[in-house]
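Colleague: If you scroll down you'll find the structure; I have some questions about it.
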Amino acid sequence: MKSKILVGLFIAAAILFSTGLTYSIFTSSATMSTNNQKIAKFIFNAEQTDEFLVPINDLVPNTFKEFEFQVSNNSNGQNTNVNLNYQITIKTFHFMPLVIELYKVGVEDAIMVCDESYTRNTDNELVCNSSYQEMRYDKEVIDDYKLKVTFPSEYNGDEYASLVDYIDLSIASFQKVDK
Amino acid sequence: MEKRRFGKIWLCAAILVSVCLVAKLIPSMARVKNRVATEISTVWDGSVANSYRSGKGTKSDPYIIATGSELAYFGKMLEITNYSGTYFALSNDILLNEGIFSYDDGLKYTLNKSSFYLDSKTGNFYDTSDLSGVKIGTVNSFKTLKNFKGHFDGKSYTIYGAFINGENDEIGLFSNLEGNITDLYVTNASINEGNVTGLVTSAKNATLTNVVFNGVVIGKNEDRVLDKSIMLDDYIVDGSANILVDDAELRGFYGVRNLTLSGKCDADFLIDGENISCVSGQFETGLNPLKSNFEVASSVINNLLELKVNVSSVGNIAAGIVGYGENITLKNVVNKAFVKGNSEGAGLVGVAVNKLVISNSYNNGNVDTLGNHGALVGRVYSLSALSSINNSYNDGDDIGLVGMVVGSQDYLSITNSFDIVSNGNLIRDIQESVVNLNGVYGLQTNKYLDGVTTGNVVKISKAQLMSRDYLINNLHFSEFVDLEDTATNSNNVWIYEDGYLPILYVDDIKNPFVTLNLGNYSWNNLGFDDKKINFSSSVAFAINDANDTRPIKESYYYISKSAQPLTKTQIDAIDTWTKYDNIVSISEDGFYVLYVKAYDYDGNEVIINSDVLVVDTFGSDVLITLGERKWSLFSEDLDSAFIDDNAKVEVSATDDLSGVKYVQYYVTDAKLNNDELDNLNWSNYEEAISIDKLGTYVIYVRVTDNALNETIINTDYIIYGGYTLNKVVVASEEIADASFQISSGSKLEYNFSYQDHHYFDDGDHHNVVFNRNVPNGTKLILMDNISKKVYSYIVSSDSLVIPFTSFSVLGKGNMYKNFQEKTGDIDKEDYTVVVDFSDTIKPSISDLTVSIDVRDKNAYVSRSTIKNTLKTLSVIENADANVTLRSTYVGDGIKYNVDSLELIDLSLGLQNVTNEFGIIRDSSILSKQMGIAIKLVNKDGVTIDKSNMRNIEFKIDGEYYSPDSDGVTRIKIGDASASVSKTLMVLTSASNATLSAGEYYLSVTPILAYDGMYGGISTSENIVIPVIFDNALDNNETYSFKIESESDYRVLYKKDGVVSLNYEVISDNSIKNSNVRVMLYKKDKLTAYDQKYSLIDLNDYLVNPLNAVTANVYYALTDFSSGNKFSLNIDLARLEANGYEIVFALYDDSKKVGMIKEKFIVR
């Protein structure tokens, strides 16, 4: 499969040991069929990536944009051989009064609305983590998502002009070990 | 309940036994008062007391001596002080030894009817005359009272049984006396073995009045030798001269005296006509020892040098009254003592020098002296002032009136005096003196052995000398009338008895034939003294023969019910005498003087009387007072009397009859039984009894009257306790002062507690108590901190006492329960009372106290709040606290029409109102907040409309504030309970600066209000800050201006560290003196919904700092001659991940002509 254009790649592969739902550290020497540790990836604009920056600079009040992307367990034609859970994380300063909604295709309601009810990290970024999504290893899976960013019309004052902000989407996946 | 009598019966019995005993042993001390000891005197045990009985030593309050121990204490104190000007008095007979001293070829001591031989040196008495047998005992030896210079009043009491001996030169009751002695009886004295011995051994400038002395005076049986050398001046005798020896040098040399004169000379010479040989330039010769002035004659000029007089004497003095007296006066003095001396002896005065006055005195004693002697005076020597002996006589020994008169010129006069026993010379020898005799009588005409007199001794018979009429009319021995008369007619002192010489009224009756007997008392003559004898039971008297050989023919009595004896005139006027047949009883309490008129078979009539008898069968009236509470009876059923403050318990006692003798008290904390009362260690009551500690007290008082009736009363339980006001709190502050002030809108809390057992009866109720009316509407909150319940009450009347039961449970109104009183034992109470004036018509109240108490069903306070815990409150009108506003701002002002930031420090603090009494606390501050009100005003103080303030923002603590519709920006700062400091940031921007240039000010006013913003009133002055205009707005010109950046600097990364932001200025080239200024702003909040930015210091983040224009405003480009580009080397790592806005302003010199803003974020 032709690699898609990657923008801003990295993968967060945080695997933990624990009882119950356990996670194991995933190393390149483990039962990985590839040296590439990137397991689950965004497929955005046909590019496989672990993170991408949502282009929101031309958003103005009373406008919205939607960004479609996929999450796959296949990389360069290779699947993982473990079951995965993945989590989509949105980070933003949220200095613009945007409404940020994440939809999973096939699910009517947004699975996450990233707003200021979420907490900020030490870099003052608003961090919105989605719920964990499962991806089995035994076949290629592609989950379709849509990110909708809306600039509400009521924020049309001068103070909302020429604002600068960013929305960063990233994914983290974890090996799921069944008991 | 009754007054408790204590031990009256056994005490009276003791008195009876003691009096009888005393009466048996003591010879009759009958005198004017003619009674036996009125109070039982205990024989002295030889001890020395620690103080006098009472008194301060003044004339009106003399030191009182009542016992031998106290007399000994007097002697001990005389070793330290001479008591000059101090007054003493006896209040009782002093019994120093109970046996009888006598002399019968040796000193004897009779005790309990047995006679023993007494060693005068040791005081031991033996069964054999050689003092070597069995020692029976030792008498009490009393020390001489030395050097007394005060006033001693015997008050007609007797010092009985004084045994005085020792190794001193002078042995007597007093020695070296320079004071006065009056009204003293010294009886049964034994004074032994001094060189000068007598009642008073030596006296100088002293007076003795009304003194009667009896006893034995034994002088030392060997002569004292005195030796002295007197240096004289040198004399040059050319013809004749007089050698004078100072008389003072020669005084004290009594007895046989020897004078010699020695010295250097040139030739023989004469002394008083006698030739003195000058051998080898020296001479020595004897002188007339009685002289002090010697005539020297020499035929040639004779230098008499180194003259020395040697004087020596051998002898001692024994006398009844005074041994050696210099300038002394004796009046109404009697000696009855036996005096035995060696060289000088006398009944009254042994040796008198300088001046002597004796009047109305006599000697009855025997004087046995080997040497010179006289009944009245042994030797009168060297008088230097007029001296006299008058109305005096000798009835003792055949020794004449006066022994010798020497060197006294004509100073001595003897008048109206006589000697009824001497057959010899009345004056034995007169040398260098002239004695004036006038009305001097004797059995013989012999007046003197040798000497000169004026007048003669008149020979007279004994019968005439014993004739009352003769003595009165010729010798002027005036008869005693009564004491009142004697006070004005001091010579009316003689009492006449038929067949007897007159005696002084202070002396004993010679031959009574009737006695008035009452119990253990006996009288046999007439007296006028008002001395009282107290009886605690009814009395009975009898009239008896005093003398079997002179029986009463008939007798009558008269009972005078008076506290004062009748005068002689009143006695003479009695016409209701009752014939006496049998014992007569008196049982009614009162004052009595018994008069008896009796006749013997010779028709002699005599009237005698008793002392004032006080029949007092009942005790004293005693009252214990504590405030309004009074107790006057003894009780075993004690109630409780509560006090809530320090108190003084006063005791008063009266006894109209015998008078109060002692008032004593005892304080305990419990009721006492009879045994305990009998054994109490009572304290003398001298001043009010203080109760100044919390506790329970029962006070017992015992009053003894002079009849020895005892009355005991007691108080109830006095319970000093109550609620304690633990603290008062106003506006969270606990008040430490006893008095304080609050504003009239305040409220305050009082906490009371009581921690002790108390039984609450049915009907007992608690109350909140005010001492002043509080206004209607005053809200009271009552918190029962034990049961954890809260009640409330609104004052609606003038009642000062508000029962707890008037309080209803808080919040539930009257339909629910009120405070419920409990009965039974309660050990602990704790209440908080809140008094809230905030809803009242703001009164002024002075000195208000708030307390709580408990009252019984009769409204009697059984427990109050302890007074010294209370605090006094004053409520002051119009004294609410206000807030003050201070600032140290010294900037130029607020720049209205430019982007600027001005920081203004503000300090707000609460300021209580004060008056001359101090701070006035305001509790309403607790519910108030401080704030500020900011206005933009013109020069006339008119507030600028808010529409002209769109470019101004106020910020405190990160919060922005805008004006209300009235143009006032109100900012709440904080609680009024504490001072606070804040920084007011005034941010202006050039945009929306719509106000035209003019004179404007920013006015900041402090507010104290419930919400910190509205409704409050502040009296503090405001802060006024000028508002200034930048010139840019004056110019409406605009210029094109653009900043181009080399890159898109909208998203920058900290990880990139130092980066160079490169810019190019694109502007209208017509601008001269252009400069570009740059400022950096940072987003205030991490949110999309607050787009405020605040100016920060760009230079903090630049590697190459820029030059500043003003605070946080920098020149980005000033010199366009080098081009329009500039760079900002910024260290992104220093910047916080946040949003920023960079502002570039183009200036034409100082005029802004354009501005560009660019936002960026740093990640």
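The values are calculated or read from the model by the stated rules, or taken from the named source; none is laboratory data. In this text the structure is predicted, and so the values were computed from the model without any measurement. Cβ sites come from the backbone with ideal geometry, for glycine too, and all protein chains shown count toward neighbours. We work out accessible area using only protein heavy atoms, side chains counted, and drop any ligands, DNA or RNA first. Shrake-Rupley method; radii C 1.70, N 1.55, O 1.52, S 1.80 Å.
Colleague: Would you be able to say whether some residue in the stretch B:218-229 is among the basic types (Lys, Arg), touching a Ser or Thr at 6+ places or on another chain (Cβ under 9 Å), open to solvent by 10 Å² or more (accessible area, probe 1.4 Å) and assigned to a strand (DSSP E or B)?
Modeller: Yes: the stretch B:218-229 contains one or more residues that are among the basic types (Lys, Arg), touching a Ser or Thr at 6+ places or on another chain (Cβ under 9 Å), open to solvent by 10 Å² or more (accessible area, probe 1.4 Å) and assigned to a strand (DSSP E or B).
Colleague: Being more than 25 Å from B:ASP398 (Cβ to Cβ), open to solvent by less than 10 Å² (accessible area, probe 1.4 Å) and under 52 Å from the mean Cα position of the chain (by Cα), is that true of even one residue in the stretch B:311-327?
Modeller: No, that holds for no residue.
Colleague: Run B:VAL351 past the list (1) modelled with pLDDT under 95; (2) surrounded by fewer than 22 Cβ atoms within 10 Å (Cβ to Cβ) and report the number of the one that doesn't hold.
Modeller: Unmet condition: (2).
Colleague: Considering only residues that are of a type outside the set (Gly, Ala, Ser) and either surrounded by fewer than 16 Cβ atoms within 10 Å (Cβ to Cβ) or modelled with pLDDT of 95 or more (or both), look in the stretch B:1107-1119 and name the one that is farthest from B:GLU1044 (Cα to Cα).
Modeller: Looking at the filtered set, the residue picked out is B:THR1110.
Each row is one residue, and each column tells you yes or no for (1) open to solvent by 20 Å² or more (accessible area, probe 1.4 Å); (2) part of a strand (DSSP E or B); (3) modelled with pLDDT of 90 or more.
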| position | (1), (2), (3) |
| --- | --- |
| B:VAL834 | no, yes, yes |
| B:ASP839 | yes, no, no |
| B:SER851 | no, yes, yes |
| B:LYS857 | yes, no, no |
| B:ARG863 | no, yes, no |
| B:LEU873 | no, yes, yes |
| B:ASP880 | yes, no, no |
| B:LEU885 | no, yes, no |
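Colleague: Within the group B:ASN1104, B:ASN1099, which residue is polar (S, T, N, Q), part of a loop (DSSP other than H, G, I, E, B), farther than 23 Å from A:ASP158 by Cβ and more than 14 Å from chain A (Cβ to nearest Cβ)?
Modeller: B:ASN1104
Colleague: Right, next: I'd like to verify a number: residues in the stretch B:903-936 that are surrounded by 20 or more Cβ atoms within 10 Å (Cβ to Cβ) and not in a loop (DSSP other than H, G, I, E, B), how many?
Modeller: Total satisfying the criteria: 17.
Colleague: Just to confirm my filter: which strands (runs of 3 or more DSSP E) fall fully inside the stretch B:695-802 and include at least 1 residues that are more than 30 Å from B:TRP682 (Cα to Cα) and open to solvent by less than 50 Å² (accessible area, probe 1.4 Å)?
Modeller: B:722-730, B:739-743, B:747-760, B:765-770, B:779-784, B:789-794
Colleague: Within the stretch B:149-181, can you find the residues that are open to solvent by less than 30 Å² (accessible area, probe 1.4 Å), in a strand (DSSP E or B), within 17 Å of B:SER84 (Cα to Cα) and not β-branched (Val, Ile, Thr)?
Modeller: Residues satisfying the conditions are B:PHE152, B:PHE174, B:SER175, B:LEU177.
Colleague: Give the number of residues within the stretch A:124-171 that are closer than 22 Å to A:LEU53 by Cβ, crowded, with 18+ Cβ neighbours inside 10 Å and among the aliphatic types (A, V, I, L, M).
Modeller: Here the count works out to 8.
Colleague: Please verify whether the stretch B:470-485 includes one or more residues that are over 18 Å from B:VAL334 (Cβ atoms), in contact with a helix residue (DSSP H, G or I) (Cβ under 6 Å, 6 or more places away or on another chain) and free of Cβ contacts under 8 Å to residues at least 60 places away in the same chain.
Modeller: Among the residues of the stretch B:470-485, at least one is over 18 Å from B:VAL334 (Cβ atoms), in contact with a helix residue (DSSP H, G or I) (Cβ under 6 Å, 6 or more places away or on another chain) and free of Cβ contacts under 8 Å to residues at least 60 places away in the same chain, which makes the answer yes.
Colleague: Given the residues B:VAL435, B:VAL405, B:VAL458, which is the only one that is more than 13 Å from B:LEU376 (Cα to Cα), of a type in the set (A, V, I, L, M) and buried (at least 22 other Cβ atoms within 10 Å of the Cβ)?
Modeller: Testing whether each residue is more than 13 Å from B:LEU376 (Cα to Cα), of a type in the set (A, V, I, L, M) and buried (at least 22 other Cβ atoms within 10 Å of the Cβ) leaves just B:VAL435.
Colleague: Sticking with this one: Would you mind telling me which numbered condition in (1) at pLDDT below 95; (2) within 30 Å of B:PHE480 (Cα to Cα) B:TYR87 fails?
Modeller: Answer for B:TYR87: the failing condition is (1).
Colleague: Okay, next question. Contact list please: Cβ distance under 7 Å, first residue in the stretch B:95-110 and closer than 22 Å to B:ALA66 by Cβ, second residue open to solvent by 60 Å² or more (accessible area, probe 1.4 Å), pairs at least six apart or on different chains.
Modeller: B:LEU95/B:THR42
Colleague: Given the criteria modelled with pLDDT under 90, open to solvent by 20 Å² or more (accessible area, probe 1.4 Å) and farther than 27 Å from B:GLU749 by Cβ, does B:ASP957 qualify?
Modeller: yes
Colleague: Over 23 Å from B:LEU901 (Cα atoms) and surrounded by 18 or more Cβ atoms within 10 Å (Cβ to Cβ): which single residue out of B:SER1060, B:SER1122, B:SER1067, B:SER1127 fits that description?
Modeller: B:SER1067
Colleague: In the list B:LYS76, B:LYS108, B:LYS56, which residue meets the criterion of being among the basic types (Lys, Arg), assigned to a strand (DSSP E or B) and at pLDDT 90 or above?
Modeller: B:LYS108
Colleague: Which of the residues spanning the stretch B:868-898 are at negative phi and out of contact with any strand residue (DSSP E or B) (no Cβ under 7 Å at 6 or more places or on another chain)?
Modeller: B:ASN868, B:GLU877, B:VAL890, B:ASN897
Colleague: Now for a separate question. Can you pull out the residues in the stretch B:961-976 that are at pLDDT below 85 and crowded, with 16+ Cβ neighbours inside 10 Å?
Modeller: B:ALA976
Colleague: Further, regarding this structure: Among the residues of the stretch B:524-542, write down those that are under 24 Å from B:THR617 (Cα atoms) and aliphatic (A, V, I, L, M).
Modeller: B:ILE533, B:VAL539, B:ALA540, B:ALA542
Colleague: Residue pairs, Cβ under 6 Å, 6 or more apart or interchain, first in the stretch B:644-657 and closer than 18 Å to B:ARG702 by Cβ, second open to solvent by 60 Å² or more (accessible area, probe 1.4 Å). List them.
Modeller: Every condition considered, the pairs that remain are B:THR654/B:ASP621.
Colleague: Look at the stretch B:184-209 and say how many of its residues are part of a strand (DSSP E or B) and farther than 22 Å from B:VAL353 by Cα.
Modeller: Counting residues in the stretch B:184-209 that are part of a strand (DSSP E or B) and farther than 22 Å from B:VAL353 by Cα gives 9.
Colleague: Is it true that B:ASN681 is more than 26 Å from the chain's Cα centre (by Cα), among the polar types (S, T, N, Q) and loosely packed, with under 14 Cβ neighbours inside 10 Å?
Modeller: For B:ASN681, the condition - more than 26 Å from the chain's Cα centre (by Cα), among the polar types (S, T, N, Q) and loosely packed, with under 14 Cβ neighbours inside 10 Å - is not met.
Colleague: Considering only residues that are within 14 Å of chain A (Cβ to nearest Cβ) and small (Gly, Ala, Ser), which ones fall in the stretch B:1122-1163?
Modeller: Correct list: B:ALA1133, B:ALA1137, B:GLY1139.
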